[in-house]
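Read-outs throughout are calculated quantities, based only on the coordinates presented, and are distinct from any laboratory measurement. All values derive from a computational prediction rather than experimental measurement. Please note: Cβ atoms are built from the backbone with ideal geometry, for glycine as well, and neighbour counts cover all protein chains shown.
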Amino acid sequence: MILQMKNVTKKFGGVTAINDTSFTVQAKEIYGLIGPNGAGKTTMFNIITGNYEATEGEILFRKETLNGLKPHTIVRKGIARTFQNIRLFSSMSVLDNVLIGFDFQAKYTYLETIFRLPRFFGEEKRVKKRAMEILDYFGIKEFAHYKATDLSYGQQRKVEIARALATNPEMLLLDEPAAGMNPAETKELAELIHNAREDFDLTVLLIEHDMKFVNQLCDKVLVLDYGKTIFEGKPADAIKDKEVVAAYLGDFIHD
Amino acid sequence: MNLIIKKEQWINLAIVASTLWFMWFAQTHFDEYTVRILNNIAIFTILAVSYNLINGVTGQFSLEPNGFVAIGAYVAALLLLDGDAKEYQYDIEDPYPWVLLLHANFVWALFFAGTFSAILALILSFPVFRVRGDYLAIVTLGFGFIIRIIAINNPEVTNGSLGLNDIPEYSNLYWTGGIATLAVIGILNIIYSKYGRAMKAIRDDEDAAIAMGVNTFKVKTLAFCTSAFLEGVGGGLLAALLTSISPDLFTFFFTFQLLIIIVLGGLGSTTGAIIGTILVIGGSEWMRFLDEPMNFGFMETPAMPGMRMVVFSVILIFVMLFAREGIMGKRELKDLFKKRGES
């Protein structure tokens with residue numbers, strides 16, 4: 001068990017975005033978070049990453065509580081994320097984007113930077129080498145010195161995941177990774193995530209609307225509707241569940 | 001790969017060496033007026049590149065320079081004037097005894113000028129960087145006004161609106177040019193490091209930077225304090241160049257001038273800040289002839305004080321129309337020699 005959500009509730013004023021939800025993610029699992037728009041999926045992500053504070057309930061990561069921690073501290077504990085709409089650093093190169101993920105892993109101080117002391121060169125060389133290795137893994141090494149936003153949509157998505165992996169996470173949170181991708185790109189992405197789990201020793205929590213993608217990739221899914229859990233279990237069972245069909249999938253099944 | 005880095009280092013070394021050689025040549029060969037302008041350009045280069053660090057590179061819209069430059073100038077002036085020289089000029093109120101005791105040589109005066117500004121910047125950071133948005137602009141704008149009011153209303157320390165006079169003229173091109181060179185090297189060293197990358201990341205997308213584990217509060221504070229330190233040092237150099245300072249020198253117009261410089265040069269580009277300084281400070285001197293009576297052959301115009309500012313504004317409008325990101329955009333000198341596609 002790597003992540004445990006205990007009776008989490010999140011209220012925005014009078015609106016209850018997440019209502020008393022509990023779930024547990026096992027290590028090296030690919031866990032899907034699905035549900036209709038406004039069900040509270042992204043809110044759940046924001047609570048795990050510390051962007052929002054849960055109104056009630058507890059978030060445990062490796063048996064350690066995450067409540068009250070700052071977002072950048074949570075990243076350093078081993079939870080990285082990507083965004084629903086790709087958010088790369090638009091003025092920077094692909095390599096620099098990935099290097100941001102190494103920010104807290106490059107061990108040199110501000111004064112060592114200004115005076116260019118030896119540790120600066122050693123650490124920069126080390127993180128640049130590792131960043132290039134990650135880019136190589138994603139097959140975008142040749143674009144390292146291109147402006148990140150000049151790449152194609154699919155490649156930008158890869159840069160975003162590469163950037164998240166650069167923080168050396170144990171758990172990766174992907175917010176709609178397949179959104180806006182064509183079937184071929186989606187298939188490639190599914191393979192990539194599947195392989196990355198083995199190669200980087202990852203646990204993956206993902207939000208996705210593409211049920212084929214979810215079915216193919218996820219070990220387990222949690223279906224949310226209006227902030228409440230309506231189903232937890234195998235994706236194959238989810239699409240047969242009456243409540244899930246009524247709340248989310250609808251006509252999809254009859255196609 | 002190794003060879004390319006070496007080539008780049010040689011180019012950098014050549015640029016630094018020729019800059020320093022030019023400073024020496026100018027100091028020994030040029031007339032006093034030209035040297036004066038070059039001194040101004042060197043000091044404003046320090047101010048512009050450091051202002052650009054917080055405003056352009058980190059993307060935090062700030063209006064602080066006049067406040068920190070004023071602090072630097074006053075700290076340096078109080079340290080450079082000896083007790084006798086101070087006692088002689090405090091006309092409004094008698095100075096506090098400790099004011100008369102302050103004394104240090106030029107290097108320490110500059111160091112304290114910078115450090116004092118940096119400490120104040122650190123104190124300002126805590127309320128300002130905890131929240132997002134344009135609070136920094138508002139707080140720093142107010143800060144500049146407060147510093148000026150404090151300088152006017154504490155004649156026991158600052159000699160009020162009369163200001164401090166007869167400051168020893170230590171500034172010459174060796175000092176101003178040398179420190180400007182060091183400042184530019186230091187700033188570029190910061191930009192090409194994890195700190196510089198984090199600053200740019202904050203400018204591009206602060207939430208994404210946080211999601212990558214960047215401690216944005218720390219990085220913003222570092223950028224702000226570094227700017228303040230160099231602005232304090234620049235203020236000290238300015239005091240030792242002008243030999244007399246008064247609160248009127250550090251109005252909002254001072255900040256405004258620096259803002260024009262870095263926007264014209266390209267927000268986020270250190271090279272742009274230097275080019276902007278040369279154009280604005282050097283150019284406005286060169287355009288002085290516009291203020292004087294002119295003879296066009298067929299007609300003569302009388303002296304029109306302020307005409308150069310009109311022309312200058314027109315030039316600025318044209319730059320903004322045709323080069324919206326300023327002359328250099330976000331690029332540095334070495335980015336101009338890159339192949340297409342690379343960034």
**OP:** Taking the Cβ of each residue in B:34, B:255 as the centre, tally the other Cβ atoms inside 10 Å and list the residues starting with the fewest.
**Re:** B:34, B:255
Subject >> Inter-part distance where the stretch B:67-123 and the stretch A:60-98 are each reduced to a Cα centre, Å >> reply: 45
Subject >> Paramagnetic reach from residue B:317 in the stretch B:273-290 [backbone N under 17 Å; point 7 Å along Cα→Cβ] >> reply: none
Original post:
Is it possible to state the helix-based mean residue ellipticity at 222 nm for chain B, with each DSSP H run of 4+ residues giving -39500 (n - 2.57), the sum divided by total residues, to the nearest 500 deg cm²/dmol? What is it?
Top reply: -21500 deg cm²/dmol
Original post:
Given 10 °C and 1.306 mPa s, how large is the Stokes-Einstein diffusion coefficient of the stretch B:144-203 in µm²/s, with Rh as the Kirkwood radius over Cα pairs?
Top reply: 105
Original post:
Label residue B:6 and residue A:77 with points 7 Å out from Cα along Cα→Cβ: what is the distance between them in nm?
Top reply: 5.0
**OP:** Would you work out which of A:135, A:229, A:4 lies farthest towards the positive end of the dipole of chain A? Charges go on Cβ: Lys and Arg +1, Asp and Glu -1.
**Re:** A:135
**OP:** Check each of the GluC sites (Glu not before Pro) in the stretch B:262-339 and keep only those in coil by DSSP with at most 10 other C-beta atoms within 10 angstrom; list them in order.
**Re:** none
**OP:** For chain B, would you read off the P(r) tail past 26 Å as a percentage of all alpha carbon pairs?
**Re:** 53
Original post:
Evaluated at 20 °C with a viscosity of 1.002 mPa s, what Stokes-Einstein diffusion coefficient in µm²/s does the stretch B:240-291 have when Rh comes from the Kirkwood expression over alpha-carbon pairs?
Top reply: 175
Subject >> Residues of the stretch A:162-184 with amide N under 17 Å of a point placed 7 Å along Cα→Cβ from residue A:216 >> reply: A:176-184
Original post:
With Cβ to Cβ distances under 13 Å as the rule, what net charge do the other residues near residue B:44 carry (K, R +1; D, E -1)?
Top reply: -1
Original post:
For chain B, with only Lys/Arg (+1) and Asp/Glu (-1) charged at the beta-carbon, what is the dipole magnitude about the Cα centre, in debye rounded to 20?
Top reply: 1900
Original post:
Where the convex hull is taken over the Cα atoms of the protein assembly as shown, what is its projected area averaged over directions, in nm²?
Top reply: 35.0
Original post:
Any idea how far apart residue B:145 and residue A:85 come out in nm if each label point goes 7 Å out from Cα toward Cβ?
Top reply: 3.6
Original post:
Per the helix-only calculation at 222 nm, which mean residue ellipticity applies to chain A, given -39500 (n - 2.57) for every DSSP H run of n ≥ 4 and division by its residues, nearest 500 deg cm²/dmol?
Top reply: -10500 deg cm²/dmol
Original post:
Considering only A:144, A:17, A:99, whose Cα is most displaced toward the positive end of the charge dipole of chain A, charges sitting on Cβ of Lys, Arg (+1) and Asp, Glu (-1)?
Top reply: A:99
Original post:
the stretch A:28-62: which GluC sites (Glu not before Pro) are DSSP loop and have at most 15 other beta-carbon atoms within 10 angstrom?
Top reply: A:53
Original post:
Considering only the other residues whose Cβ falls under 14 Å of the Cβ of residue A:77, what net charge follows from Lys and Arg at +1 and Asp and Glu at -1?
Top reply: +3
Subject >> Selection from B:209, B:246, B:310, by position along the positive dipole direction of chain B (Cβ) >> reply: B:209
**OP:** Mind jotting down the distance between the C-alpha centroids of the stretch A:203-255 and the stretch A:112-158, whole Å?
**Re:** 36
**OP:** Calculate one ³J(HN,Hα) per residue across the stretch A:165-178 by plugging θ = phi - 60° into the Karplus curve 6.51 cos²θ - 1.76 cosθ + 1.60, and present them in order as whole Hz with x for glycine and proline.
**Re:** 5, 5, 6, 6, x, 9, 10, 10, 9, 10, 9, 6, x, 8
**OP:** May I ask for the net charge around residue B:274, where only other residues with Cβ less than 14 Å from the Cβ of residue B:274 are counted and Lys, Arg are +1 while Asp, Glu are -1?
**Re:** +1
Subject >> In order through the stretch B:239-251: 3J(HN,Hα) via Karplus (6.51 cos²θ - 1.76 cosθ + 1.60), integer Hz, x for Gly, Pro >> reply: 4, 7, 8, 7, 6, 9, 10, 8, x, 5, 5, 10, 7
Subject >> Nitroxide proxy distance, nm - points 7 Å out along Cα→Cβ at residue B:325 and residue B:24 >> reply: 3.8
